[in-house]
Amino acid sequence: MLQDILQSKTGLFETGVSTELRAHENRQRRVVLVAGNLMGNVRTETSGISARVCKNGVYGFASAGSYTSEMADNVLKAATRNAIFMDRHVGKKGTPLPVQNPGYVELRRVIVDTEQKKLIELCKEVDAYVAAHCPKLASRTVVYTEDSMDKILYTSDAKNGHITSPRAYIYVMMNAMTPAGTPVELFKAFGGAGSCADNFADLTELFRGVDELYESIMKKANGIYAEAGYKTVILDGMMAGMLSHEAVGHTVEADLVRGGSVAGPNLNKQVASELVTLVDYAHTAFGETAPLPVYLDDEGTEAQDAVIIKDGMLTGYMHNRETAQLYGVAPTGNARAWSFSDEPLIRMRNTAITPGNSTVQEIIESIDDGYYLVSSSNGQADLTGEFMFGVSEGYEIKNGKLGRALLDTTVSGVAFDMLKTVDMIGNQVTWSSSGFCGKKQMMPVGMGGPAIRCKITIGGR
């Protein structure tokens, strides 16, 4: 854990400018077993310090890969010089950022460094279970991955704090063969926020999930190709989460709105069914801690939920301090940086559609001919909201009942058009924080949601 050597440096902040001083350590652990053989064993740590200064709407930034008192002085002076230089030559003469309420956001989760040997033993225990209980696999892989960000932040005109975001996951990947000799694969991520011990002290639930994954891949090995066309489908929670993040979420990050995203001209317009409300949750959702809680962002803004779509209407965007001032709203605390050498960007936190009133079984029973799409292998979208996602697990629906499993397929469409077709929403939310978002910098994110019934274009063979 980082020790605070920054508090004494606040006396060096220049008057008349907005200053952020941040210590930042990233830690990563990774173990890979392929068919029981150790193929990866990695421990990495990077740390440093950065300062960013805003003067009349222009920024100066400096960073260094050493966390010492002397280096804190150096980067603070360099960032201030850079801001003064930029102000002199750019001549932007913008409005100073509004001052926020002062305060300190306390450390909420301690980073626990588990011995690498124990991580290897854990993976071997999981692999042994897969080998013993999943006999028909062509291959198997177990991956343990853990990462954390540890940050200490002091600002001149916002909040200060010590914030951490540790998470630990085990991925189980299975490969099988179809009767024709074609390989198929599925994977599942187990874990969540916190340390190895927080997530894997008891492996009962993980082993139950392995059994379910094996059952699913055996069904997929004997699966069929989807019938291509415009179909009624159920997007399960993680598929709905992928859509919420990739095809909607990026279009409503205020910096990308300024860059010309489809959300710009659609503010305060209907972009979805009246059943749809979509929120980027800061740290608490539906009465529980969100999968990747953010209490303070890297500009010193205390994080608040960002309501994006309310009853089908596009009501707002995700903001940092600068874009919030531009649009005349309160900042939402969405500014985050991946590394000490990165400036904060507007990033999602935990993005999801709010649940409805239907059970998944009720939604299945409402469909005579369609598909139930469970998980995605990959996805892409652009600032028009047009998207294409791979579907790694899915099932046909015939006469209100689940049928055969699907081989890999795709879905595509335009997000705001597709969301207008939503006519049923599930009452249970599925979450995950196992992934990264790659907008200029890597960033851990949480996403998920309830199952939704909609119309979408699905690929065939």
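A few remarks follow.
- Selection within region 131-172 - in a loop (DSSP other than H, G, I, E, B), open to solvent by 30 Å² or more (accessible area, probe 1.4 Å) and among the charged types (D, E, K, R): Lys136, Lys159
- Top-ranked residue in region 204-230 [being buried (at least 19 other Cβ atoms within 10 Å of the Cβ), under 15 Å from Thr409 (Cα atoms) and not hydrophobic (A, V, I, L, M, F, W, C); ranked as farthest from the chain's Cα centre (by Cα)]: Gly223
- Cross-chain or 6+ apart pairs with Cβ under 8 Å, region 270-283 first and farther than 17 Å from Arg349 by Cβ, then surrounded by fewer than 20 Cβ atoms within 10 Å (Cβ to Cβ) and hydroxyl-bearing (Ser, Thr, Tyr): Ser273/Thr421
- Pairs, first touching a residue at least 24 places away in the same chain (Cβ under 8 Å) and farther than 30 Å from Ala51 by Cβ in region 153-176, second assigned to a loop (DSSP other than H, G, I, E, B) and of a type outside the set (Gly, Ala, Ser), C-beta under 6 Å, six or more apart: Met174/Leu137; Ala176/Leu137
- Flag for Ala79 being in contact with a helix residue (DSSP H, G or I) (Cβ under 6 Å, 6 or more places away or on another chain), small (Gly, Ala, Ser) and open to solvent by less than 50 Å² (accessible area, probe 1.4 Å): no
- The one condition from (1) more than 30 Å from Ser63 (Cβ to Cβ); (2) under 25 Å from the mean Cα position of the chain (by Cα); (3) open to solvent by less than 20 Å² (accessible area, probe 1.4 Å) that Val126 does not meet is (2).
- Members of region 1-58 that are in contact with a Leu (Cβ under 8 Å, 6 or more places away or on another chain), basic (Lys, Arg) and either modelled with pLDDT under 95 or not in a helix (DSSP H, G or I) (or both): Arg22, Arg29
- Given (1) open to solvent by 10 Å² or more (accessible area, probe 1.4 Å); (2) touching a Pro at 6+ places or on another chain (Cβ under 9 Å); (3) not small (Gly, Ala, Ser), index of the condition Glu362 fails: (2)
- The listed residue being touching a strand residue (DSSP E or B) at 6+ places or on another chain (Cβ under 7 Å), β-branched (Val, Ile, Thr), open to solvent by 70 Å² or more (accessible area, probe 1.4 Å) and at pLDDT below 95, out of Val110, Val90: Val90
- Among the criteria (1) open to solvent by less than 10 Å² (accessible area, probe 1.4 Å); (2) over 21 Å from Val105 (Cα atoms); (3) among the polar types (S, T, N, Q), the one Gln325 does not fulfil is (1).
- From Val42, Val58, residue being open to solvent by 60 Å² or more (accessible area, probe 1.4 Å), free of Cβ contacts under 8 Å to residues at least 60 places away in the same chain and under 32 Å from the mean Cα position of the chain (by Cα): Val42
- Test: residue in region 207-229 that is at positive phi and in contact (Cβ under 8 Å) with a residue 40 or more places away in the chain: yes
- Matching residues, region 328-359, being small (Gly, Ala, Ser) and open to solvent by 40 Å² or more (accessible area, probe 1.4 Å): Gly328, Ala330, Ser341
- Residue check for Lys188: in contact with a helix residue (DSSP H, G or I) (Cβ under 6 Å, 6 or more places away or on another chain) and either in a loop (DSSP other than H, G, I, E, B) or open to solvent by 70 Å² or more (accessible area, probe 1.4 Å) (or both): yes
- Filter result (open to solvent by 60 Å² or more (accessible area, probe 1.4 Å) and polar (S, T, N, Q)) within region 93-107: Thr95, Asn101
- Test: Ala272 is in contact with a strand residue (DSSP E or B) (Cβ under 7 Å, 6 or more places away or on another chain) and open to solvent by less than 10 Å² (accessible area, probe 1.4 Å): yes
- Among residues of region 237-277, those that are among the aliphatic types (A, V, I, L, M) and touching a helix residue (DSSP H, G or I) at 6+ places or on another chain (Cβ under 8 Å), counted: 11
- Of all residues in region 294-315, those being buried (at least 22 other Cβ atoms within 10 Å of the Cβ) and in a loop (DSSP other than H, G, I, E, B) number 7.
- Candidates Leu267, Leu256, Leu296, Leu275: the one that is more than 15 Å from the chain's Cα centre (by Cα), at pLDDT 95 or above and within 16 Å of Gln428 (Cα to Cα) is Leu275.
- Residue list for region 275-291, filter: open to solvent by less than 50 Å² (accessible area, probe 1.4 Å) and out of contact with any Phe, Trp or Tyr (no Cβ under 9 Å at 6 or more places or on another chain): Val276, Thr277, Leu278, Val279, Asp280, Tyr281
The values are calculated or read from the model by the stated rules, or taken from the named source; none is laboratory data. All of these numbers come straight from a predicted model, not from anything done at the bench. Glycine also receives a Cβ, built like all others from the backbone with ideal geometry; neighbour counts cover every protein chain displayed. SASA here: full protein model, heavy atoms, side chains in, ligands and nucleic acids out. Shrake-Rupley method; radii C 1.70, N 1.55, O 1.52, S 1.80 Å.
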